[in-house]
Each structure stands twice: as structure tokens, then as C-alpha cells.
Amino acid sequence: MARYTGPRSKIARKFGEPIYGPDKYLDRKNFPPGQHGLSKKRKKTSEYGVQLREKQKVKYTYGLLERQFRNFFEKASSASGVTGLVLLQLLESRLDNVVYRLGVAPSRSAARQLVSHRHITVNGNVVNIPSFILRPGDIIGVREKSKSLEVIIDCLGANRRSKLAWLEWDDTQMAGKYMSVPERSEIPEDIKEQLIVELYSK
């Protein structure tokens, strides 16, 4: 499956945000990469540029390529409700994102790998599709044979779970529940989804 595999700190510096998680390199060099990164004479970004930048930030955050992202946007556009909010709710409902939110993996890319390698179950069945969309009530667990994996044990031991009202975790079962579709206030990412809607509306 195609995905971005380049330098992550460079992308984080481009947006000035730790979109891949805590980044010591970003803390030291919190300015855009390149020889003109520190220049104060950088030209003002156009309206289109601001919108495009927001879309790219979301794509990198959730680990999507252009075609995948457009498919999600079209799905959100055809659904009832506010398009920008529905788009974020769809992205948050992806299996790889929920595995990350539950604290089973240290990052979304690590969560994607766990899903692809058949370590994760949904309602008792192994699912190896990272983009699988969960529904309220779904139970996300670690496959029995995979519960002793060092990466999973270390991550759960570090207690990296996001304390979100729409997710529930049971340590004894090593399983979580997707309680409900998150509201906008329950999604912690700093995203201006309206800019993306405006970009695709042109």
C-alpha cells in the first residue's frame, strides 16, 4: 500500500506542528526547512495556498495519499451534515486511527502496520484493512496470538491512550470499544476543516 515514507521532522517543520507526535528536532528548529527557512521576507501565502496547506496537513496527519483523501471527501460531501465535520469523523473512525487513539500503537503509521499484519480484531474477527470504517458499538481488540508482542505491551505500559469520551478501553481484555461518532470538540487535532471544503468547492 502506497504511503509517505520520507523524513517526518521535515514535514512537521513545514507545518510548524508536531503532526507525527513529539519531535525533539522540531523543538530545536521550529521553522520551515530549506535555506530560506529563517528568512523573514517569505512572501505572503495566497488564499489558495492556505487552503492547500491545510489539506496537506490533514493528509500527512492521517497518512493518506491524494486519491484516498478525495474519496473520503466525496463520501463526506454526499452524507448528511456539515461536510467538514463529517470528513473529520470519517477519518477518526478509521481502524488505524482508533488503534492509535486507544494507545495500542505509538503512532498512526505503527497502528497501520499492526492492522496490516493481522494483529487487530474487530468484533472478534481479524481485520487487516487500515481504512476500515468503524461503527458505534464495535469492539477493537488485540488478536490472542499477538497479546505478547513487545511493541504492544510497551505501548500499553506507557499509558499513551488518549482520554476521549467516544472510546473505552479494557486492560484485562486488551480491547476497546468505539462508543460513538466523535463530536468536533472531541477531536483534538488542530485542523481548520472549512478551508478544505472551500478548496474542493472551487
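Summary table
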{"quantity": "By average C-beta atoms within 10 angstrom, highest first, the peptides 93-102, 78-87", "calculated": "93-102, 78-87"}
{"quantity": "Aspartates and glutamates whose Cα lies under 18 Å from that of Lys44, excluding same-chain neighbours fewer than 8 positions away", "calculated": "Glu54"}
{"quantity": "FRET E, pair Ala158, Asn71, Förster distance 45 Å, beta-carbon r, rounded to 0.05", "calculated": "0.85"}
{"quantity": "Qualifying GluC sites (Glu not before Pro) in the stretch 128-202, DSSP loop, other Cβ atoms within 10 Å at most 15", "calculated": "Glu183, Glu189"}
{"quantity": "Full-extension gain in nm, Ser185 to Val50, via 0.36 nm per residue minus C-alpha separation", "calculated": "46.3 nm"}
{"quantity": "Vicinal HN-Hα couplings computed from phi for the stretch 178-193 (Karplus, 6.51 cos²θ - 1.76 cosθ + 1.60; Hz; Gly/Pro x)", "calculated": "7, 6, 7, 5, x, 7, 4, 5, 9, 9, x, 4, 7, 10, 9, 5"}
{"quantity": "Glu150 versus Gln194: modelled label distance in nm, points set 7 Å from Cα along the beta carbon direction", "calculated": "4.9 nm"}
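Bear in mind that the values in this text are calculations on the coordinates, not laboratory data. Predicted, not measured: the structure shown is a model, and the values here were computed from it. Please note: Cβ atoms are built from the backbone with ideal geometry, for glycine as well, and neighbour counts cover all protein chains shown.
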